[in-house]
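Encoded as structure tokens, the structure appears first; notes follow it.
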């Protein structure tokens with residue numbers, strides 16, 4: 001068994017303490033971190049906010065609708 005590190009998420013890792021305080025800018029609800037897609041997901045708003053270089057982009061106009069396929 002190899003001790004190879006796991007690949008980083010597409011958008012990079014996010015500081016866990018940051019995840020505890022971020023909320024959806026539309027609904028003010030909690031967010032779920034989707035590590036595989038590199039997104040912060042707001043189930044209430046049905047939006048997924050991208051993470052770029054470890055920085056969450058919390059602009060609704062940059063978010064992907066959960067009904068839309070991932071890029």
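The values are calculated or read from the model by the stated rules, or taken from the named source; none is laboratory data. Bear in mind that the values here come from a model prediction, so they are computed numbers and not experimental data. All Cβ positions, glycine included, derive from the backbone under ideal geometry; neighbour counts span all protein chains shown.
Has region 26-35 got any residue that is modelled with pLDDT of 90 or more and on the phi > 0 side of the Ramachandran plot?
There is at least one residue in region 26-35 that is modelled with pLDDT of 90 or more and on the phi > 0 side of the Ramachandran plot.
If a residue must be assigned to a strand (DSSP E or B) and loosely packed, with under 15 Cβ neighbours inside 10 Å, how many such residues does region 31-71 contain?
Matching residues across region 31-71 total 4.
Assuming residue 11 fulfils every condition listed in (1) modelled with pLDDT of 85 or more; (2) surrounded by 17 or more Cβ atoms within 10 Å (Cβ to Cβ); (3) part of a loop (DSSP other than H, G, I, E, B) apart from one, which condition is it?
Going through the list (1) modelled with pLDDT of 85 or more; (2) surrounded by 17 or more Cβ atoms within 10 Å (Cβ to Cβ); (3) part of a loop (DSSP other than H, G, I, E, B), residue 11 breaks only (1).
Restricting the search to region 14-30, which residues are assigned to a loop (DSSP other than H, G, I, E, B), without any contact (Cβ under 8 Å) to a residue 40 or more places away in the chain, in contact with a strand residue (DSSP E or B) (Cβ under 9 Å, 6 or more places away or on another chain) and surrounded by fewer than 19 Cβ atoms within 10 Å (Cβ to Cβ)?
Hits for region 14-30 are 22, 25, 26, 27, 29.
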